[in-house]
Amino acid sequence: MFNGGPGGRRGGQETAKNFGKALRRMLTEMRTYYVLIAIAMAMSIVGSILSVITPDKLANITDEISAGLVIDRDKIGNVTQELMTNPNENSVIDGITVTPKDKFAFASTLKELQAEMGETKEFSQEDALRLYRAIDELPESIQAIIKPKMNLDIIWSLAFLMIALYIASAILEYLEGFILARVTAGFARDLRNRISHKVNQLPLRYFDRNQIGDTLSRVTNDVDSVSSSIDNSFSTIIGDGSLLLGSLAMMLITNWIMAVVAIVSSLFGFVFMAAILKKSQKYFMQRQVELGNMNAHIEEVYSGIAVVKAYDGKETADRKFNKLNKKIRNANLHSQFLSGLMHPIMAFTGNLGYVAVCVTGAILTMNGMISFGVIIAFITYTRLFSSPLSRIAQAVGNLQPAAAASERVFEFIDEEEMASEQHINHRIDKTAILGNIEFDHVKFGYDDKKTIIKDFSAKAKAGQKIAIVGPTGAGKTTMVNLLMKFYDIKAGDIRIDGISTKDIARADVHSLFTMVLQDTWMFSGTVRENIVYNHKNVDDKRIMQICDTVGLSHFIKTLPKGLDTDMNESESISAGQKQLITIARGMVEDAPFLILDEATSNVDTRTEELVQKAMDKLMEGRTSFIIAHRLSTIKNADLILVMNDGNIIETGNHKQLMAKNGFYADLYNSQFAL
Amino acid sequence: MFKLFKNFHKKDFLFIALAILFIAGQVGLELKMPEYMSAITRLVQTEGSEMGEILQNGGMMLLCAFGSLVSTIIAGWFVANIGADFTFIVRKKIFDKVEELSIDDIKRFSTASLITRTTNDVTQVRMVITMGANMLIRAPLSATWAIIKISGKNWQWSTATGVAVAIMLATIITIMMLVIPRFKQVQKLTDRLNGVMQENLKGIRVVRAFNAEKYQEKKFDVPNTEVANTVRFVDRVLSIMSPTMYLVMNGVTLSIYLIGATLISQSTMANKLTLFSDMVVFSTYAIHVIFSFLMVAVIFMIIPRAQVSAERINEVLDKSNSIEDGSFDDETAETGTVEFRNVSFKYSDAEEYLLKDISFRAEKGQTVAFIGSTGSGKSTLINLIPRFYDTTDGAVFVDGVNVRDYKQKALHRKLGYIPQKAVIFSGTVSSNIAYGDNGNEKPSKRAIRTAAKVAQAKSFIEKLDKQYDSHIAQAGTNISGGQKQRLAIARAIARNPEIYIFDDSFSALDYKTDASLRKALKDYTKDATSLIVAQRIGTIMHADQIIVLDKGHCVGRGTHRELMNNCEVYREIALSQLTKEELNV
């Protein structure tokens, strides 16, 4: 099926043809950033280690706090003993003086408590509360001795340690992000520049086969996709990977039975998730395909709306739209629902792990195989283990479209380039070229199977005018392609001043030709930049002189900023004026040969005259190849090449060709026919 | 954005209500879990706890977890339905709307933009709805619920949580303020980057002809470097987010513990135990509170993005129809006539008239041609007949009836319109020729063949591998421009209309095809009226009536010979194309 229009965005859910290979390639291409990546990795790993340590410290603080809740039984014993031995004297315990009155109060409280609690050995929650309340009523001196004391010093020092660890890991994480930002932005820039460079190394054949939108989408969408995946997925995989391994190691070291329980319960959810991921992938793909179809359909209807209206094609259009819309609804519903399941399942898995660890831990403790601390530690490890697992799964999922994108980027970078010209060391001086050209039994075809120019020979002397005529689609641009050495000929030779173009470097061939095509190619920038283009040392005097010659100067004076007017800002520049600017650009080039597409459609009559005059000026003193649209040009040309179906079928001047009464004569006469 | 929700059906509101219900259930169960969790922790920590109690609490917790899982899944199903319905309904609305819009409105929006509005923008809003519905419902519920659970426990802890929320929100707001303008900048720079690449690709021959490869590469590197720098800055600022969030969450837990330690050590014995268990519970719920606020912040970050899309969608939906359908679809007294009576036209918001005071009448079987330079208004004129635009002043009559009075279908049945740029649909050769609905049966195979023959398309069609059943790609990319144009003409012929409207349809054809097509057409459609817009004098020289337009005014009317004698503009155009002898003057 057709997938989107030219330049249409491709969806992000594509999968790479070869995921592993694409990933390896991506990694190799990042060579220059290995040091930075290694530093980022190291930071990430250290950060993860810190994350494994810190929960332990919080447990220590909890322990210290809960220690501050327990009444010291020895102290109660001490006081009771003093009460027994010296009931009527002041005693000093732990540096605190206890008066007989206080001792008496203590004794009576104890008695009351014993009476209330009765004989039972069991010590309920209520009893504890009763005991604590009773202590609150004791004399201050005794309270001071027996009340539990919290070691705030230890707590604070632990807290400071933790704060330090937290801050350290935050800084590490930030630095890692800081470094990765440089890697991703730099890598994206490199890739873009490589594509930009590559564009100009490719044979034109490539652009005949591929759409502009496709290359553009590689430059932006695909490169973006690659770089953002490095940013997100890489840091996740590195950071969470080390977290995963760290907690796994810690678990196995601590207790293998508990470790197995924790891992199995985490994996249980993971298996579920993988199954769902796979199923939802199907719907995602389906959605992408249907969205592409809908895009195509909408594009067709919107851009042809006049015909849809005039031919009452609405019903047909609606029927197709509704069908596609329904399919998309279904795919949307299922993909959304299934991908929405991931999170809750992971959360449930985490809880399952928690309970499993606690229950197993409790059993093991009862059998005396582990201590309580182990359970607490495992609660943390299970959490540390299961959450990166899901994040890594997601990151790998996100890598899929990125790998597909990188495949496309590298596919472009690896495209076959134009044939090397290293063997050509002969340089051409364009001022020394006279302008003779000779076609000697030229054979050419765009692909190997079909030869379109079968055997073409012709000669043109310096300063002559060669017209190329033929119906639309007859292959007139083929001639341009051959002259400019955009394509290599299959057999025969084209000679300039007797030198074979095979022995002239492409850049030199180009420098010999001025090319003005019908497609007025303007680029962003000012009028000046459009005229001067890449030529160096062209001063304003020369520019104005040229503008005078081509009849542009009046127009330039009317522009708000003259030569410095931005082409984009000024909508008022007409097609004809653009054509004049292109001609001026050609004049700056000043080469011995000229290729000119004469078409002046979309130009009003007055401008057309101007353009015509400018073209005539441009032709002066140059060997000119003119893609003719005007009878006057054809008539006074020194040589006319008549083309049809890609081939040159007749050659000669106007008179000779009319006398032949062949294709040319037919073509010429047809414009007067009814 | 909420305006768009009005489009929901009743069923969807029920779905929303159910989603809220199940998400509430899920939040409730989720907030219940910390209690069991701390109970389990306490039991495990205390020596000599009963195994049964642990199992009981564990079982309850798993039950809660499972219940929460189930209600999330059910809520998810409803939310997914809401999202899918939203796309389904809104897309259909936009599509219908665009079909109703006037050609002028469509041009102003631009087709590309309308396509994005129908597809991407709807997807954007849907994503926010599905993502947001979950969070938007969850966050406030979970925040209030958690706040209720911990409120009044202790002002010190509440302050610590409040401070944490404040720090977090402040960080997010600062980051967003730094980053959002840069996002827009990146978008602009990317456009520039694309622009430079596009001009290199489009002008690839020129770039090479001028040996300007290095020049283009340098030009590309400027926005490329800027993009890289801006993206790097944005990434670095965004990198602050996650460590800060972790720091805040860890910090708040630690603070609660430290505050707790101090409070416990200072309190009376009786309060110590309560304080301790409060502390543990508080720290869990505090995280819930912070998370909820984080979710709200995220929603506020993604809503603006969807807002832009929603506005673009509403712009289309709110556009009023400028063309109102008439009611006339009876038999007409005349056939094949077109008359313009003092027609003037300007775009509703423009000051200048594109057409001023045009009057003419085409009789049945006549050929009337329109010529003039670009911008003279000839295409606009012809577009008034099928009511692609409505006249500003004056009126257009087809078969003696004002076009505004016609049911559009009835009017279009009479017309065979061929635009300047052939519109080709994906399908087959046959489906393209038989396209549309003219109130009669679909054209027969024979009719299709005849139409193709008249349109000079027969020879190329018969060379295709499956002839009339050959596949035609979207926009006809697998056939040439001239072939497309011939198919478009065949389509009009197959429709068998009273009046043909050729909007510059011959320019894409070479002289020879142009001539033979016109001849065949003339023979085939003796009774039909033809209105032809053309650039080539040769195409229209022999028309019964030629109307010369210049800047919207009719500056000449008559036959070729008459105009050569009395119309300066016509003569100028003619002489620029052919020599005097060729024009038989």
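Here is how the numbers come out for the structure above:
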quantity: Residue among A:453, A:437 that is more than 24 Å from residue A:619 (Cβ to Cβ), outside the structural domain of residue A:597 (by TED's automatic domain parsing) and among the aliphatic types (A, V, I, L, M); calculated: A:453
quantity: Evaluation of residue A:316 against (1) closer than 27 Å to residue B:324 by Cβ; (2) facing chain B (nearest Cβ under 7 Å); (3) among the polar types (S, T, N, Q) (one fails), failing number; calculated: (2)
quantity: Out of B:95, B:78, sole residue that is within 7 Å of chain A (Cβ to nearest Cβ) and modelled with pLDDT of 85 or more; calculated: B:95
quantity: Top-ranked residue of region B:114-159 - restricted to ones that are more than 14 Å from chain A (Cβ to nearest Cβ) and of a type in the set (Val, Ile, Thr), ranked as nearest to residue B:303 (Cα to Cα); calculated: B:144
quantity: Residue selected from region B:152-198 under the condition among the polar types (S, T, N, Q) and touching an Asp or Glu at 6+ places or on another chain (Cβ under 9 Å), by the criterion nearest to residue A:223 (Cα to Cα); calculated: B:190
quantity: Checklist (1) polar (S, T, N, Q); (2) in contact with an Asp or Glu (Cβ under 6 Å, 6 or more places away or on another chain); (3) away from chain B (no Cβ under 14 Å) applied to residue A:518, failing item; calculated: (3)
quantity: Filtered residues of region B:81-92 (kept if more than 8 Å from chain A (Cβ to nearest Cβ) and over 14 Å from the mean Cα position of the chain (by Cα)); calculated: B:82, B:86, B:89
quantity: Extreme residue, modelled with the lowest pLDDT, among residues of region A:582-607 that are aliphatic (A, V, I, L, M) and touching a His at 6+ places or on another chain (Cβ under 7 Å); calculated: A:599
quantity: Residues located in region B:553-570, provided they are buried (at least 22 other Cβ atoms within 10 Å of the Cβ) and within 14 Å of another protein chain (Cβ to nearest Cβ); calculated: B:570
quantity: The lone exception for residue B:257 - which of (1) within 30 Å of residue A:134 (Cα to Cα); (2) surrounded by fewer than 21 Cβ atoms within 10 Å (Cβ to Cβ) it fails; calculated: (2)
quantity: First in region A:63-79 and assigned to a helix (DSSP H, G or I), second anywhere and aromatic (Phe, Trp, Tyr) and at pLDDT 75 or above, Cβ under 8 Å, 6 or more apart; calculated: A:65/B:257; A:65/B:276; A:66/B:276; A:79/A:106
quantity: Qualifying residue in region B:278-285 (condition: within 32 Å of the chain's Cα centre (by Cα) and polar (S, T, N, Q)); calculated: no
quantity: Residues located in region B:262-288, provided they are closer than 15 Å to residue B:167 by Cα and in contact with a Ser or Thr (Cβ under 6 Å, 6 or more places away or on another chain); calculated: B:286
quantity: Selected residue [closer than 30 Å to residue B:234 by Cα, of a type in the set (Lys, Arg) and part of a helix (DSSP H, G or I)] from A:182, A:205; calculated: A:182
quantity: So residue B:376, is it crowded, with 21+ Cβ neighbours inside 10 Å, outside any strand (DSSP E or B) and touching a residue at least 60 places away in the same chain (Cβ under 8 Å); calculated: yes
quantity: Flag if residue B:261 is at the interface with chain A (Cβ under 9 Å from one of its Cβ atoms), among the aliphatic types (A, V, I, L, M) and touching a His at 6+ places or on another chain (Cβ under 6 Å); calculated: no
quantity: Residue match in region B:390-401 (condition: touching a Lys or Arg at 6+ places or on another chain (Cβ under 6 Å), within 30 Å of residue B:571 (Cβ to Cβ) and surrounded by fewer than 22 Cβ atoms within 10 Å (Cβ to Cβ)); calculated: yes
quantity: Leading residue by the ranking (farthest from residue B:242 (Cα to Cα)) among those in region A:145-178 that are among the acidic types (Asp, Glu) and either in contact with a Ser or Thr (Cβ under 7 Å, 6 or more places away or on another chain) or touching a residue at least 60 places away in the same chain (Cβ under 8 Å) (or both); calculated: A:176
quantity: Residues being more than 9 Å from chain A (Cβ to nearest Cβ) and either of a type in the set (Asp, Glu) or surrounded by fewer than 22 Cβ atoms within 10 Å (Cβ to Cβ) (or both) - total across region B:498-522; calculated: 5
quantity: All positions within region B:268-280 that are in contact with a helix residue (DSSP H, G or I) (Cβ under 6 Å, 6 or more places away or on another chain) and surrounded by fewer than 19 Cβ atoms within 10 Å (Cβ to Cβ); calculated: B:268, B:270
quantity: Any hit, region A:248-255, residues being surrounded by fewer than 18 Cβ atoms within 10 Å (Cβ to Cβ), closer than 30 Å to residue B:411 by Cα and more than 10 Å from chain B (Cβ to nearest Cβ); calculated: no
quantity: Test set (1) buried (at least 22 other Cβ atoms within 10 Å of the Cβ); (2) more than 7 Å from chain B (Cβ to nearest Cβ) - residue A:288 fails condition number; calculated: (1)
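Residue-wise test of (1) facing chain A (nearest Cβ under 10 Å); (2) in contact with an Asp or Glu (Cβ under 7 Å, 6 or more places away or on another chain); (3) not in a strand (DSSP E or B).
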{"site": "B:411", "(1), (2), (3)": "yes, no, yes"}
{"site": "B:416", "(1), (2), (3)": "yes, no, no"}
{"site": "B:423", "(1), (2), (3)": "yes, no, yes"}
{"site": "B:430", "(1), (2), (3)": "no, yes, yes"}
{"site": "B:436", "(1), (2), (3)": "yes, yes, yes"}
{"site": "B:440", "(1), (2), (3)": "no, no, yes"}
{"site": "B:443", "(1), (2), (3)": "no, no, yes"}
{"site": "B:446", "(1), (2), (3)": "no, no, yes"}
{"site": "B:449", "(1), (2), (3)": "no, no, yes"}
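Matching residues to (1) in contact (Cβ under 8 Å) with a residue 12 or more places away in the chain; (2) among the small types (Gly, Ala, Ser); (3) more than 18 Å from residue A:321 (Cα to Cα):
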| residue | (1), (2), (3) |
| --- | --- |
| B:78 | yes, no, yes |
| B:81 | yes, no, yes |
| B:87 | yes, no, no |
| B:91 | yes, no, no |
| B:94 | yes, no, no |
| B:97 | yes, no, no |
| B:102 | yes, yes, yes |
| B:112 | no, yes, no |
| B:120 | yes, no, no |
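Let's see how each residue does on (1) modelled with pLDDT of 85 or more; (2) under 30 Å from residue A:216 (Cβ atoms):
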| site | (1), (2) |
| --- | --- |
| B:224 | yes, yes |
| B:227 | yes, yes |
| B:240 | yes, no |
| B:244 | yes, no |
| B:247 | yes, no |
| B:256 | yes, no |
| B:259 | yes, no |
| B:269 | no, no |
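The values are calculated or read from the model by the stated rules, or taken from the named source; none is laboratory data. Quick caveat, the model's predicted, so the values are computed rather than measured. Note that each Cβ is placed from the backbone with ideal geometry, even for glycine, and that neighbours are counted across all protein chains shown.
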